[in-house]
Structure formats: structure tokens, C-alpha cells
Amino acid sequence: MRKFNTTGVCIPEKHYMADVSKKIREIEKMVEAGKYFIISKPHQTGKTTILYLLRKSLEKMNYIVINITFEDFDQNIFSSTSDFCREFVLTIRDRLKFNGDTELVNLLEKEVDNIDDFLNLSYLITNLIEKSEKRVVLIIDDVDKGYINQLFFDFLEMLQAKFNLAQAERVKTFHSIILAGMHNINDIMINDSSNEIIYNSIWNIASEFNIDFELEIKEIASMLREYSAERNIELNADEFAEKLYYYTSGHPFLVSKLVEVIDDEIIQDNENRWQEKYLDQAVELILNRKLLHFDILIKNMGKVIELEEMCEKIVIDGRIINYAIVNSVIKQGKTYGLFKKQNGIIKIHNKIYKQRLLNYLVCRKAYS
């Protein structure tokens, strides 16, 4: 029997899921066009699940998808170019081996010991693509772990050079590359050789990515209908979806957490109908519960004093602040998922966040 899921990747065969096929199709169009792009989304907004579903769909479309994550890498790989290149090649080999691409696996195993710099890695990528009978897509998840290291920027420079040569039909390389994480690499500030802070723009080949990961009301309703039909539970999917959206603004984790709480903790075993009050009860339960998701949200807010002060002005003082993405504090708030733009002003992303932040900020003031 399937369950609602709020930890890790959601798998259709195991979990009740919103129908995000529209989002997948939009990303597929970018891949089909050979775009290189960055998916930068806040914590627990469905990014890993979207990438999983995208990979499964692209493989059905006869792509080879190499999906790696820096979460699986030891930070020691950034200690030297040779270590990084070797680990990168071995990781690609493991992914291809899992998919049964024997010829490509043999090529990588034959050459891995000779790959000790980015020039040789570039040559190997070209050979890999030339031997492949399918178009190859590279997805790198959790790239934030590499953003503090110049070696990673050198790696991206190599991929960018290959992209530019491929556009001129002078070399073969990955058909599409997706970098995924919380931060957009082109927003990262680094120190140059003179210790001056500069904005990094190494990935200037990236196409703009404007696909929203927040769930629409109809997408939420699709999940509730699956649950209702499979579990023989009576509920008005459209009405509950609208109310879920009202509280969450479509935030994937919050939507899933609320329905998970109703199913696991509120509805009784002998009941076969969701009552309207159950959703309000679920909201109250998670607002008064210590959740890692909220802990990370508040921790991120506290990383920048100006950001916490801005949240306080909005949440406690009711201040209206115009939305200007060029403002570094506003940009930080959007990166962490705290802010959204509504009618040209800053709003806390959803009502649950607003109440949780209010509780925290009022309590902190009382004891400061």
C-alpha cells in the first residue's frame, strides 16, 4: 500500500504524488533543445523528485542520463585536480554500469588511470560521446558543495569550453547539462587574487530556468484523488486542494506533510471520510512540532542579520517592502524560500511559514 512521503525522493510506485508531468515536460523541452541550465530551489521543494522523474522519462526517450550528486563525494576530491577527475570518471562509470552500458564502461575503465587533469578529462568526454549511440545528459545535484572551491570552477570552465566548441560543430560533448542545488552559481560571490569580492559568472552559457516547482491546486487534487480511490476514503479533492494551497502556497513539503499527518495521526482506522476540520488540526500540529524543515528555515534566516531584521519588519511590524531582486538581502530570502513576490511587494512564502516565524521572533524578543 502506498503512503504519503516527506523524506527523500518520491517514487510513484511507493508514494502518493502530485501529478507534476507538466513540469517534467517543460524541462524535457529544454533538454531536447540541448540547453545547459541551473535548477536552484530551496530546501525540500521537490527538486530531487523532479530530477528522478526527469531521468526516468528521458531514458524512455532513448537518452543516456548520468545523474550524480556531490552529496556522495568526500570533500577530499576537491584537494587536487587528479583526485577530482578520477572520482568523476569512476562515478560516471558506476552509473553506466548500473544501466548496462558495457561498451562505455569498458572505455572509462581503460582510460581512468590516465585522467589526471581537465584536458585529458575533456578528451575522454569527447570519446565517450562519440562512442555512445544515444544523446548523453549530465545531471549534477547538490552542486552547492563545490561552490567554495576554485577547482570546481575550473571543471565548469572546461565543460563550458566544450559547449562552445560543440556549438561550432568542432567537438562532441554532453547534449545537455543540468546543475541543481539551492544556490545559482552565477549569484555566488568569490574572492579574486586581490581579495576583492566579485560575482562569479563562470556558467554564462546557462539558459534561464523559470519553471515553478510549487504545486498548483489541480496537481495537489490529483494526489488526493489517487489516495481517495486506493484507500476508499471519501473526501472532496478539489476543496481540500484549495485549502492546502491556501495554507502552503503549494510548497511540496508542506502539502505532503499536512496530508501525511492527517492520514497517520488524525483520521481513525475505522473512518472512511476526511472531515474539513482535519486540515486545520494538521496545521496546528506541525506548527507546534519541532521539525527539521522549520529548524533549517530559521537557521538560514539567522545567517544574515539583515535578513532576520527584514523578516521581523514584515511579520511583526506589518511593514510593506517593495520586491527588488537586485537587493542582496531579498535575493537571500528568496534563495532560502522565505520570500515570494506578490503584486510587487515581498511576502513570506506561505501562511505556515509566516506563523512559524512569528512564533519564533516573538519568543526571541520576549527572552532577549
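Can you spot a residue in the range 337-355 that is without any contact (Cβ under 8 Å) to a residue 60 or more places away in the chain, over 16 Å from THR248 (Cα atoms), in contact with a helix residue (DSSP H, G or I) (Cβ under 7 Å, 6 or more places away or on another chain) and assigned to a helix (DSSP H, G or I)? For the range 337-355, residues without any contact (Cβ under 8 Å) to a residue 60 or more places away in the chain, over 16 Å from THR248 (Cα atoms), in contact with a helix residue (DSSP H, G or I) (Cβ under 7 Å, 6 or more places away or on another chain) and assigned to a helix (DSSP H, G or I): absent. Taking the criterion of being in contact with a His (Cβ under 7 Å, 6 or more places away or on another chain), in a loop (DSSP other than H, G, I, E, B) and at pLDDT 95 or above, the residues of the range 3-44 that qualify are PHE4, ASN5, GLY34. So which residues in the range 261-309 are acidic (Asp, Glu) and open to solvent by less than 30 Å² (accessible area, probe 1.4 Å), if there are any at all? Matches in the range 261-309: ASP263, GLU308.
Among the numbered conditions (1) more than 25 Å from ASP238 (Cβ to Cβ); (2) surrounded by 12 or more Cβ atoms within 10 Å (Cβ to Cβ), the only one that ILE325 does not meet is (2). Does ASP116 fit the bill of being within 22 Å of the chain's Cα centre (by Cα) and either open to solvent by 20 Å² or more (accessible area, probe 1.4 Å) or more than 26 Å from ARG55 (Cβ to Cβ) (or both)? So ASP116 fails the test. Note on the range 96-189: enclosed helices (runs of 4 or more DSSP H) holding 3 or more residues that are under 17 Å from ILE205 (Cα atoms) and of a type outside the set (Phe, Trp, Tyr) are 150-167. Selection of the range 61-78 for residues being buried (at least 17 other Cβ atoms within 10 Å of the Cβ) and either modelled with pLDDT under 80 or in a strand (DSSP E or B) (or both) yields ILE64, VAL65, ILE66, ASN67, ILE68, THR69, PHE73. For the range 208-221, a residue qualifies if it is under 22 Å from the mean Cα position of the chain (by Cα) and in a helix (DSSP H, G or I), and the qualifying residues are ILE217, LYS218, GLU219, ILE220.
The values are calculated or read from the model by the stated rules, or taken from the named source; none is laboratory data. Just so we're clear, the structure is a prediction, and the values are computed from it rather than from any experiment. Cβ: placed from backbone, ideal geometry, glycine included. Neighbour counts: every protein chain shown. When the accessible area is computed, the model is the full protein with side chains, heavy atoms only, and any ligands, DNA or RNA have been set aside. Shrake-Rupley method; radii C 1.70, N 1.55, O 1.52, S 1.80 Å.
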